[in-house]
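Okay, so here's the structure we're looking at.
The values are calculated or read from the model by the stated rules, or taken from the named source; none is laboratory data. Everything numeric in this text was worked out from a predicted model, so none of it was measured. Here the Cβ is made from the backbone with ideal geometry for all residues, glycine too, and neighbour counts use every protein chain on show.
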Amino acid sequence: MGRVLVTGASGFVGTALVPALAATGWQVRAATRNPAQVSFPGSVDVAAVPDFREKVAWRELLDGIECVVHLAGIAHTGLGCDEAAYDQVIYRASVDLAQACDAAGVGRLVFVSSVRAQSGPAADHVLREDDAPLPSDTYGRAKLKAEDAVRVCRTPSTILRPVMVYGPGAKGNLAGLVRLADTSWPLPFASLSNTRSLLGLDNLLSAISFALDPNAAVGETFLVADPEPVSLADLVASLREGLGRPARLVPVPAWVLAATLGTIARRDLWQRLGGTLVVDPGKLIRAGWQPNSDTRAGLARMAKASRRHV
């Protein structure tokens with residue numbers, strides 16, 4: 001173990017990763033825009049950074065640092081965020097960080113990218129790393145450009161492309177599904193057999209820890225997902241199981257749901273949840289990564305934990 005810088009430390013993944021790394025012996029420097037809003041173990045060095053639309057003093061942040069986990073960026077919303085903001089915060093900030101790692105002699109850079117650097121919200125085949133990257137929106141294109149910037153730096157690097165991450169504290173569409181599942185209403189998902197790969201937060205943390213291992217594959221790009229995809233019907237049923245509720249799913253044709261969401265301007269939600277997006281994590285597993293938990297049990301735990309945070 002050594003000294004590691006985690007960017008985006010106050011985000012959904014960062015707030016779980018920082019204490020997890022500290023617990024396993026890493027000396028962690030947690031970079032965040034909101035140091036007063038995070039609570040980390042006393043051994044963690046919390047460093048304030050500006051919004052990445054501004055220049056970051058990477059030289060000072062990297063002083064004494066051996067490894068970097070780059071999480072920071074704008075979260076994908078599916079609502080068409082400003083292209084210039086994505087370019088600056090995701091791509092250009094990553095270029096500056098990669099160059100600063102080279103100058104500082106950092107030993108390892110782990111860049112947490114996204115499956116959206118490789119694909120749109122749905123795909124007609126199982127995704128693998130040797131597929132040509134075809135990002136479909138500004139967010140994905142910015143992530144792909146940032147990956148290229150990391151690959152050309154001299155610092156040994158590993159790139160992770162996680163799918164949608166679930167776990168306690170998840171926001172966005174998954175949080176909305178948890179709220180929906182925590183009702184007594186019958187839900188119209190029984191006929192939805194589309195499958196999607198998801199990624200438990202604990203599995204992502206173990207993948208990042210694996211990528212920091214000096215004996216792990218360097219210079220590689222890995223898709224990261226739980227081994228087994230689930231249907232949307234199974235997803236909702238698992239959430240309801242965790243909430244102690246009966247599944248109560250009723251059959252409604254998929255085209256009806258798609259048309260309804262399109263009518264109320266939520267076509268993006270249907271694309272992200274109603275389409276098929278299956279990822280093969282076999283390359284990462286063959287390299288030595290071992291997932292900690294399965295999807296259905298993890299979704300149930302997430303839903304159960306949501307009640308404790310209400």
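What strands (runs of 3 or more DSSP E) lie completely within segment 16-78 and have 2 or more residues being surrounded by 22 or more Cβ atoms within 10 Å (Cβ to Cβ)?
Working: elements: 27-32, 45-48, 67-70.
Fully inside segment 16-78 and qualifying: 27-32, 67-70.
Can you give me the number of residues within segment 95-109 that are on the phi > 0 side of the Ramachandran plot and part of a helix (DSSP H, G or I)? Reasoning before the result, please.
At the first step, the residues of segment 95-109 found to be on the phi > 0 side of the Ramachandran plot are 105.
Still in the running and part of a helix (DSSP H, G or I): none.
Number satisfying all stated conditions: 0.
Every condition in (1) out of contact with any helix residue (DSSP H, G or I) (no Cβ under 8 Å at 6 or more places or on another chain); (2) part of a loop (DSSP other than H, G, I, E, B); (3) not small (Gly, Ala, Ser) holds for Pro135 except the one numbered (1). Determine if segment 6-14 includes at least one residue that is part of a strand (DSSP E or B) and not basic (Lys, Arg). Yes, some residue in segment 6-14 is part of a strand (DSSP E or B) and not basic (Lys, Arg). For segment 238-254, the set of residues classified as modelled with pLDDT of 90 or more and either within 22 Å of Pro121 (Cα to Cα) or in a helix (DSSP H, G or I) (or both) consists of Ser238, Leu239, Arg240, Glu241, Gly242, listed by residue number. Annotation note: of Leu269, Leu257, the sole residue that is touching a Leu at 6+ places or on another chain (Cβ under 7 Å), surrounded by 13 or more Cβ atoms within 10 Å (Cβ to Cβ) and modelled with pLDDT under 95 is Leu269. All of (1) surrounded by 21 or more Cβ atoms within 10 Å (Cβ to Cβ); (2) out of contact with any strand residue (DSSP E or B) (no Cβ under 6 Å at 6 or more places or on another chain) hold for Thr155 with one exception: (2).
Conditions tested, residue by residue: (1) at pLDDT 95 or above; (2) in a loop (DSSP other than H, G, I, E, B); (3) among the small types (Gly, Ala, Ser); (4) within 26 Å of Gly25 (Cα to Cα).
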{"residue": "Glu129", "(1), (2), (3), (4)": "yes, yes, no, no"}
{"residue": "Leu144", "(1), (2), (3), (4)": "yes, no, no, no"}
{"residue": "Asp148", "(1), (2), (3), (4)": "yes, no, no, no"}
{"residue": "Arg151", "(1), (2), (3), (4)": "yes, no, no, no"}
{"residue": "Arg179", "(1), (2), (3), (4)": "no, no, no, no"}
{"residue": "Trp185", "(1), (2), (3), (4)": "no, yes, no, no"}
{"residue": "Ser191", "(1), (2), (3), (4)": "no, yes, yes, no"}
{"residue": "Asp202", "(1), (2), (3), (4)": "yes, no, no, yes"}
{"residue": "Val236", "(1), (2), (3), (4)": "no, no, no, no"}
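Candidates in segment 107-146 are the residues that are over 19 Å from Arg196 (Cβ atoms) and β-branched (Val, Ile, Thr); of these, the one that is farthest from the chain's Cα centre (by Cα) is Thr138.
Here is the figure for segment 178-202: residues that are surrounded by 14 or more Cβ atoms within 10 Å (Cβ to Cβ), in contact (Cβ under 8 Å) with a residue 60 or more places away in the chain and more than 21 Å from Val224 (Cβ to Cβ) total 9.
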